[in-house]
Each structure stands twice: as C-alpha cells, then as structure tokens.
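Novice: Attaching a single structure in structure tokens format; questions to follow.
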Amino acid sequence: MEGKFLSKKLKVKVDLADSDEQIAEGEKLSEVLTNKKSYASILNYMSKIGYELLQSKN
C-alpha cells in the first residue's frame, strides 16, 4: 500500500504468488482495494474475505 501524490486515497498492489490464477486474483483485489481511504478499511476487507495479515513492512 502506498499513498497517492496529493491524495488521501491509497494505491494497493496485492501479490498472492506466481501462478497465473494467483496473479489474476491479486490484480483483481488490487483494483478493488485501490482508492480506499484508510489502511484499516483495506485490512478489514481482506479479513472479511478470509485473508489474514501475517507480516507488514515499512
């Protein structure tokens, strides 16, 4: 996740793995999550669909 220049909305890139199916799912989630306004809303959405945060980097 990263902030967009001069915007309060976030740009999200989801990387699930390397298979074609996982890449496609990651791109789909990236589109859905981009432009959300908070990290919490992104994490809540991912949690709601069954994902769990295991690690975070700065």
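The values are calculated or read from the model by the stated rules, or taken from the named source; none is laboratory data. In this text, all values refer to a predicted model and were calculated from it rather than measured experimentally. Note that each Cβ is placed from the backbone with ideal geometry, even for glycine, and that neighbours are counted across all protein chains shown. The protein model used for the area step is the full one, side chains on, heavy atoms only, and it has no ligands, DNA or RNA in it. Shrake-Rupley method; radii C 1.70, N 1.55, O 1.52, S 1.80 Å.
Novice: Leaving ligands, DNA and RNA out of it, report the carbon-plus-sulfur percent of the accessible area of the chain at a 1.4 Å probe.
Specialist: 49 percent
Novice: Using only helices, what value at 222 nm comes out for the chain when you add -39,500 (n - 2.57) per DSSP H run of length 4 or more and divide by the total residues, to the nearest 500 deg cm²/dmol?
Specialist: Using -39500 (n - 2.57) per qualifying helix, the result is -13000 deg cm²/dmol.
Novice: A further question follows. What size of dipole, in debye to the nearest 20, comes out for the chain about its Cα centre when the only charges are +1 on Lys and Arg C-beta atoms and -1 on Asp and Glu C-beta atoms? Before the final figure, lay out the partial values.
Specialist: Details: 10 positive and 9 negative charges, 131 e Å.
Roughly 620 debye, rounded to the nearest 20.
Novice: Still on this structure, please answer the following. Only Cα pairs within less than 10 Å get springs; with that Gaussian network setup on the chain, which residue of 19, 38, 30 has the largest fluctuation?
Specialist: Looking only at 19, 38, 30, the biggest GNM fluctuation is shown by 19.
Novice: State the percent of C-alpha pairs, over all pairs in the chain, separated by a distance greater than 15 angstrom.
Specialist: Beyond 15 Å sits 51 percent of the P(r) for the chain.
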